[in-house]
Amino acid sequence: MNTVMTKKINLQLVRNERREPAVQKEIVYDTKDLNLWYGETHALKNINMDIKEKEVTAIIGPSGCGKSTYLKTLNRMVELVPIVKTSGEITYKGRNILDKSFRVEDLRTQVGMVFQKANPFPKSIYENIAYGPRIHGINNKKILDEIVEKSLRGAFIWDELKDRLHDNAYGLSGGQQQRLCIARCLAVEPNVILMDEPTSALDPKSTLRIEELVQELKKDYAIVIVTHNMQQAARISDKTAFFLNGEIIEYDQTDHIFNTPTDERTGDYISGRFG
Amino acid sequence: MTTKYMDAELVGKRMSSRVRKNAGWKGVFFASTLFGLFVLAVLLIRVFTQGLEYINIDFLMNHLSTDASRAGIMGAILGTAWLMLIVVPVTMVVGVGTAIYLELYAKKGKLQSFIATNISNLAGVPSIVYGLLGLTLFVRALEFGNVLLAGGLTLALLVLPIVIVAAQEALRAVPGSLSEASYGMGATKWQTVRRIILPAAIPGILTGAILSLSRAIGETAPLTVLGIPALLIPFPSGIFDTFTALPMQIYYWTIDSSLVAEYANLAAATIIVLLILLFLLNSIAIFIRNKFQQRY
């Protein structure tokens, strides 16, 4: 982590790295024949995909295609809707997370989430970051101080916020709030970060900063990002899955999806012919 | 040239009648408001002219007496204070607990909405019915007698539905995005409730609780059913003591004013004391609402 913090963001460097020969990356999530229903609505149909560590996996598709539903299945947030039923399995580090014996609290401690709209708590910046460690039993002031600094540095927002740690988070700009939420997510030290359209409510400049941040974070985390923004998926992801009507139409290297899509519908969607 | 549907002449002709109509309705609405203010003013003037001069330290501190010039309401003030001490913890614990269960834990379904609907209905049950419930349950079945505990629990039951509904609304007003953020970090439901949802809902819950408290201490009907006296009894010093309360004192003095005319003035003086207490409680509620209300 420490080297990440001190390094300057350099997109060009990241791009070059991407072209280097791929090292064997471990599979974090392995989804097999996942089906999901909201009551009678069949929202996800026979989803099969694996998600690897230290990669950005983008999920694109028109509204209502199931991409957010799939993302929320990965940390079982989808269960907050009481009428959800699932079949199939999602293996996370060798265990099926859809199995009821897999505690959601355990899963969500290892899998962090960043939401569409920045949702800081109505507390100070410090308390926002300390919230995660606190619920997991860390109350030592010195340790919390260190976690807060490390997390804020990890989200590249330490320099902006270090002098106002005890101000209310609601006083921050939208972009700062979203980066604070990412820092808050890092404080729990997850392995995976799920991002649900994290930049859809942000201006272009804040969006760019989040995208740069994602490039840095993927050195340590598996990142799954749902986005409506085609350019964003092309810019920041290693792999892209195209969802349509609850099915995966195509899932491949991002370069391949955007330059030589196999399925006609993928090409149509990417070029803006529908959706 | 396109057809014009808005005929300038016709519009102009109707203009003044429309404006006049608007002014007329404004008058009606203002008169409605004035009516309420007028009644309130008459009430206050009557009570204050009758009772104000009777309020002094002796009146506030003395025991009750049949001699109007020596009678005091300390017993009733203490009784009301004790009632508040019972009503507040019972309604807060049971009321907020119920609201948390219904809003956050209970599976949303037919049973949950059946319970919630009936709690709202209970809020509309006449207070005298709660008096009968208290008489049957606390005074007789549990053999408390007509003591503070019986009175306090009866009043607590009476306002419980109001507290529950207010607390439910306050909990519902906390944005779901906040609890999602908490769950998303691996927090349990209880941690999320205690650290995120409750702190955000507390101002709304307190406002509802204080308003219902002021309703409870003004209630007379359930206490008369319980058989609460306004006699020469010692000051209450525990929840198993007999007691009287401010509204009971007003009630008995008003009834007996046909015997001793001065009792009417004593009743008016007691009303002033009770009103001040109620205004105080409501002001606290408004203060809390304005000061701590969180805007998202």
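The values are calculated or read from the model by the stated rules, or taken from the named source; none is laboratory data. Treat the numbers as computed from the prediction; the structure is a model and nothing was measured. Here the Cβ positions follow ideal geometry from the backbone for every residue, glycine too, while neighbour counts run over all protein chains shown.
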key: Matching residues, the stretch A:69-125, being of a type in the set (Asp, Glu) and touching a strand residue (DSSP E or B) at 6+ places or on another chain (Cβ under 7 Å)   = A:GLU89
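Okay, residues lined up against (1) assigned to a loop (DSSP other than H, G, I, E, B); (2) modelled with pLDDT of 90 or more; (3) within 14 Å of chain A (Cβ to nearest Cβ):
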{"site": "B:PRO222", "(1), (2), (3)": "no, yes, no"}
{"site": "B:PRO229", "(1), (2), (3)": "yes, no, no"}
{"site": "B:PHE235", "(1), (2), (3)": "yes, no, no"}
{"site": "B:THR244", "(1), (2), (3)": "yes, no, no"}
{"site": "B:SER258", "(1), (2), (3)": "yes, no, no"}
{"site": "B:LEU274", "(1), (2), (3)": "no, yes, no"}
{"site": "B:LEU278", "(1), (2), (3)": "no, yes, no"}
{"site": "B:LEU281", "(1), (2), (3)": "no, yes, no"}
{"site": "B:GLN294", "(1), (2), (3)": "yes, no, yes"}
query = So how many residues does the stretch A:70-110 have that are more than 9 Å from every other protein chain (Cβ to nearest Cβ), more than 22 Å from A:HIS42 (Cβ to Cβ) and not in a loop (DSSP other than H, G, I, E, B)?
reply = 3
ask   = Looking at the stretch B:38-47, is at least one residue touching a Leu at 6+ places or on another chain (Cβ under 9 Å) and outside the structural domain of B:PHE240 (by TED's automatic domain parsing)?
value = yes
Members of the stretch B:79-131 that are crowded, with 18+ Cβ neighbours inside 10 Å and hydroxyl-bearing (Ser, Thr, Tyr) = B:THR80, B:THR91, B:THR98, B:SER127, B:TYR130
note = By my count, helices (runs of 4 or more DSSP H) wholly in the stretch B:1-99 with at least 3 residues that are over 27 Å from B:GLY151 (Cα atoms) are B:8-51
query = Within the stretch A:261-270, can one find any residue that is among the aromatic types (Phe, Trp, Tyr), at pLDDT below 95 and crowded, with 19+ Cβ neighbours inside 10 Å?
reply = yes
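Within the stretch A:27-79, count every residue that is hydrophobic (A, V, I, L, M, F, W, C) and surrounded by fewer than 17 Cβ atoms within 10 Å (Cβ to Cβ).
2
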remark   = Scanning the stretch B:196-210 residue by residue, those surrounded by 18 or more Cβ atoms within 10 Å (Cβ to Cβ) and of a type outside the set (A, V, I, L, M, F, W, C) turn out to be B:PRO203, B:GLY204, B:THR207, B:GLY208
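Restricting attention to the stretch A:177-208, which residues are under 27 Å from A:LEU107 (Cα atoms) and without any contact (Cβ under 8 Å) to a residue 24 or more places away in the chain?
Result: A:GLU189, single match.
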message = B:ALA181 - would you say it is within 14 Å of chain A (Cβ to nearest Cβ), more than 30 Å from the chain's Cα centre (by Cα) and free of Cβ contacts under 8 Å to residues at least 60 places away in the same chain?
response = yes
key: Matching residues in the stretch A:164-191 - criterion: being closer than 16 Å to A:GLU212 by Cβ and more than 14 Å from chain B (Cβ to nearest Cβ)   = A:GLY175, A:GLN176, A:ARG179
note = Conditions (1) touching a helix residue (DSSP H, G or I) at 6+ places or on another chain (Cβ under 6 Å); (2) modelled with pLDDT of 90 or more -> A:ASN168 fails only (1)
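Do we find that A:ALA201 is modelled with pLDDT under 90, at negative phi and either in a helix (DSSP H, G or I) or hydrophobic (A, V, I, L, M, F, W, C) (or both) in this structure?
It is true that A:ALA201 is modelled with pLDDT under 90, at negative phi and either in a helix (DSSP H, G or I) or hydrophobic (A, V, I, L, M, F, W, C) (or both).
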request  = Those residues that are over 14 Å from B:GLY51 (Cβ atoms) and hydroxyl-bearing (Ser, Thr, Tyr), I need them from the stretch B:225-280; list them, please.
outcome  = B:SER237, B:THR242, B:THR244, B:TYR251, B:TYR252, B:SER258
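Could you tell me whether the stretch A:145-154 includes any residue that is assigned to a loop (DSSP other than H, G, I, E, B) and in contact (Cβ under 8 Å) with a residue 60 or more places away in the chain?
We begin by selecting, within the stretch A:145-154, every residue assigned to a loop (DSSP other than H, G, I, E, B); these are none.
No: the stretch A:145-154 contains no residue that is assigned to a loop (DSSP other than H, G, I, E, B) and in contact (Cβ under 8 Å) with a residue 60 or more places away in the chain.
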message = Can you pull out every residue in the stretch A:111-133 that is more than 23 Å from B:PHE292 (Cα to Cα) and within 8 Å of chain B (Cβ to nearest Cβ)?
response = A:GLY112, A:MET113, A:PHE115, A:LYS117, A:GLY132
